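Enquirer: First the structure, then my questions, so here it is.
The values are calculated or read from the model by the stated rules, or taken from the named source; none is laboratory data. Keep in mind that this is a model prediction, so the values were computed, not measured. Positions of Cβ are generated from backbone atoms using ideal geometry, with glycine treated the same way; all protein chains shown enter the neighbour counts. The protein model used for the area step is the full one, side chains on, heavy atoms only, and it has no ligands, DNA or RNA in it. Shrake-Rupley method; radii C 1.70, N 1.55, O 1.52, S 1.80 Å.
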Amino acid sequence: LGTFVTKVTATDADDPVYGNSAKLVYSILEGQPYFSIEPHTAIIKTALPNMDREAKEEYFVVIQAKDMGGHMGGLSGTTTVTITLTDVNDNPPKFAQSLYHFSVMEDVALGEPIGRVKANDLDIGENAKSSYDIIEGDGMDLFEITTDAQTQDGIIRVRKPLDFETKKSYTLKVEAANIHIDPRFISGGPFKDTATVKIVVEDADEPPVFSSPTYLLEVHENAAINSVIGQVTAHDPDVSSSPIRFSIDRHTDLERQFNINAEDGKITLATPLDRETNMWHNITIVATETRNHSQVSRVPVVIKVLDVNDNAPEFASEHEAFLCENGKPGQVIQIVSAVDKDDPKNGHYFLYSLLPEMVNNPNFTIKKNEDNTLSILAKHSGFSRQKQEVYLLPIIISDSGNPPMSSTSTLTIRVCGCSSEGIVQSCNVEAYVLPIGLSMGALIAILACIILLLVIVVLFVTLRRHKNEPLIIKDDEDVRENIIRYDDEGGGEEDTEAFDIATLQNPDGINGFLPRKDIKPDLQFMPRQGLAPVPNGVDVDEFINVRLHEADNDPTAPPYDSIQIYGYEGRGSAAGSLSSLESSASDSDQNFDYLSEWGPRFKRLGELYSVGESDKET
């Protein structure tokens with residue numbers, strides 16, 4: 001009440017000298033009883049307390065200004081002032097309904113929205129924004145609610161997987177509260193509202209569920225074929241409880257080392273195992289519902305192959321020991337080590353011994369070291385390459401497994417020439433030729449020269465062979481040969497079997513006269529009788545001559561090359577023949593003056609030949 005709204009101002013064009021004509025007085029003609037105005041200051045104030053924007057947001061107030069202090073005879077003017085109420089957060093949010101019902105499938109994806117709730121607020125803008133929360137219920141850990149920034153709806157989503165078989169329905173209590181609260185209206189609170197949400201979980205056909213997310217099985221590498229390694233179990237969580245069938249994904253068991261019983265899920269061994277080749281096997285077991293093959297589950301199964309003492313120890317590498325001719329008794333010739341492909345729990349422990357027949361060996365002995373290695377020692381000195389260059393020492397290596405495994409490895413000991421410091425210098429047979437006076441370097445040089453000479457000889461022979469070879473290769477199978485020989489001969493002119501001369505006969509002549517179609521002949525000739533067909537075997541030359549004579553004497557036979565008709569000149573014409581082919585004289589001996597006597601048709605021709613004669617004379 002009495003809150004300042006605005007101030008209006010009016011002007012008067014009259015001169016103040018006219019007395020009170022310029023004194024203005026203001027009053028409200030429309031807008032009461034909501035607003036009031038001071039008559040002399042024109043300040044507009046509210047006239048009623050607790051004006052409600054939600055009831056009416058906009059007001060139109062008509063203000064009158066009157067001069068002469070408002071007395072009689074004064075002039076007045078009016079104006080309209082539009083007053084709009086601004087919003088304040090004086091209304092709490094309200095749910096459209098107190099109870100909401102939603103249903104959701106138990107296999108719904110996490111984070112998927114299952115329903116929306118709406119709390120309406122009569123305020124606008126920031127004052128109408130609300131936040132939603134789940135404050136009570138038996139599914140607070142399974143569901144969550146968020147606010148849609150565009151529509152101010154509360155969206156309920158799934159946080160954790162649902163299970164129809166475990167719980168079929170949930171009840172939640174949802175609260176909507178204003179985000180921005182005006183302290184001036186806090187007493188009008190609370191600025192929030194609650195609603196109840198009931199969610200019903202519907203059953204869905206779910207895939208089988210294994211009893212464990214992964215399986216770890218162990219089997220000894222010497223396990224028998226078809227022995228059971230382990231078992232996997234799975235069940236259908238649906239109320240219908242469909243039977244389950246098990247299988248192995250063969251993409252994870254390409255060698256088909258394992259099988260599984262489709263009914264009870266027992267895994268058996270199909271092929272022998274070898275821990276030293278492959279210690280771990282990773283396969284995938286597939287469980288499928290028999291009533292709905294689209295419902296499939298998979299589980300990884302890790303199979304560890306346990307070690308069995310099935311490998312004998314042996315030398316770590318092929319050892320070759322060197323013994324100096326000037327060595328001393330008890331000198332260590334070589335230290336050897338052994339390896340075992342097996343992997344006992346307590347580590348390897350090897351036992352070394354000589355063969356029974358080598359126990360009393362006069363040359364060498366062995367000694368076991370603390371680091372599981374073996375030292376080879378010489379029993380005496382004075383070894384000589386001339387006497388014996390190589391010694392073979394068989395050694396038995398045994399492990400501590402159960403049962404123990406052993407093998408025999410042979411150590412090669414070569415007698416060599418050494419320096420006084422014990423450094424090996426030579427172990428080859430060149431030691432036998434050293435007394436002759438040739439050193440190792442000389443022998444190598446001689447050998448290199450011999451090899452070089454052999455290479456030169458081979459190259460020389462090869463070049464000579466290539467030089468003597470002909471440029472043209474005469475080969476019966478040469479693809480460039482283009483001579484084709486035929487051994488059969490023809491019969492010559494007397495051979496009439498290969499060609500039928502009857503085709504040379506004129507078939508038209510056999511039937512008689514053939515009239516010409518180009519001109520009508522002046523004389524009518526009697527058709528000649530055609531000759532009878534000539535039998536095969538007649539002389540070809542005689543037959544052709546007969547046909548040629550017949551064709552030449554037949555005036556009715558058309559020429560076969562071309563037909564030319566001359567209707568104005570030639571024989572039978574009054575002008576005679578114009579052809580010079582029958583003349584024996586040359587062009588230079590002819591006189592063409594007679595052309596002028598042939599009439600007007602040949603006048604021009606006579607002039608042309610006369611001109612030609614005059615040119616020749618000149």
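Enquirer: Compute the Cα gyration tensor for region 89-172, then decide on rounded, prolate or oblate, letting a ≥ b ≥ c be the square roots of its eigenvalues: rounded whenever a/c is under 1.5, prolate when a/b is larger than b/c in the other cases, and oblate in all that remain.
Expert: In terms of gyration-tensor shape, prolate.
Enquirer: Thinking of region 58-131 as a set of Cα atoms, what percent of all their pairs are more than 14 Å apart?
Expert: Of all Cα-Cα pairs in region 58-131, 77 percent lie more than 14 Å apart.
Enquirer: Suppose R0 equals 51 Å; then what is the FRET efficiency for H220 and T196 from their Cβ-Cβ distance, rounded to the nearest 0.05?
Expert: 0.25
Enquirer: Can you pull the semi-axes for region 198-297, root of five times each eigenvalue of the Cα gyration tensor, sorted largest first, whole Å?
Expert: 32, 12, 11
Enquirer: What is the distance in Å between the Cα centres of region 58-122 and region 318-390?
Expert: Centre-to-centre (Cα) distance: 106 Å.
Enquirer: By how many nm would the segment from D593 to T462 grow when fully extended, if each residue of separation counts as 0.36 nm and the alpha-carbon distance is taken off?
Expert: 37.5 nm
Enquirer: Then there's this: Within region 195-266, what whole-number % of the accessible surface is contributed by carbon and sulfur, with the 1.4 Å probe and all protein chains included in the calculation?
Expert: Within region 195-266, the accessible surface is 51 percent carbon and sulfur.
Enquirer: Counting only residues 5 or more places away or on other chains, whose amide H sits under 5 Å from the amide H of I260 once H atoms are built in the peptide plane?
Expert: Under 5 Å from the amide H of I260 lie the amide H atoms of T268, each far enough along the sequence or on another chain.
Enquirer: Give the ranking of L374, L351 by solvent-accessible surface, highest area first, calculated with a 1.4 Å probe.
Expert: From most accessible down to least: L351, L374.
Enquirer: OK, next. Over the Cα atoms of region 168-235, Rg to Rh with Kirkwood Rh, two decimal places?
Expert: So for region 168-235, dividing Rg by the Kirkwood Rh gives 1.52.
Enquirer: Could you state the accessible area per residue of region 306-363 in Å², with a 1.4 Å probe and every protein chain left in place?
Expert: 61
Enquirer: Which order do M51, M105 take by accessible area at a 1.4 Å probe, largest first?
Expert: Result of the area sort, largest leading: M105, M51.
Enquirer: Please report the base-10 log of the normalised intensity I(q)/I(0) for region 314-426, using a Debye sum with one equal scatterer per alpha carbon and no solvent, at each q in 0.19, 0.21, 0.22 (1/Å).
Expert: So the normalised log intensities are -0.98, -1.14, -1.22.
Enquirer: How much accessible area per residue does region 94-202 have, in Å², with a 1.4 Å probe?
Expert: In whole numbers, region 94-202 has 55 Å² accessible per residue.
Enquirer: Run through region 25-114 and list the GluC sites (Glu not before Pro) located in a DSSP loop whose Cβ has at most 16 other Cβ atoms within 10 Å.
Expert: Loop-located and lightly packed - E54, E57.
Enquirer: Which order do you get for W598, W280 if you rank them by accessible area with a 1.4 Å probe, largest at the top?
Expert: Highest to lowest solvent-accessible surface, that is W280, W598.
Enquirer: Right, something else. With the other protein chains left in place, how much accessible area per residue, in square angstrom, belongs to region 209-305 at a 1.4 angstrom probe?
Expert: Dividing the accessible area of region 209-305 by its residue count gives 54 Å².
Enquirer: Here's another thing I want to ask about it. What percent does the relative contact order of region 314-426 come to when contacts are Cα pairs within less than 8 Å and at least six residues apart?
Expert: Taking the mean separation of contacting Cα pairs over the length of region 314-426, I get 36 percent.
Enquirer: Between region 239-263 and region 133-171, what is the C-alpha centre distance in whole Å?
Expert: Spelled out, the Cα-based centre of one part sits 38 Å from the other.
Enquirer: I've got another one for you. Restricting to Cα pairs below 8 Å that are 6+ residues apart, what does the relative contact order work out to for region 209-305? Please round to a whole percent.
Expert: 36
Enquirer: Given 0.36 nm per residue, what is the gain on full extension from D203 to Y34 after removing their alpha carbon distance, in nm?
Expert: Contour length minus Cα-Cα distance gives 54.6 nm.
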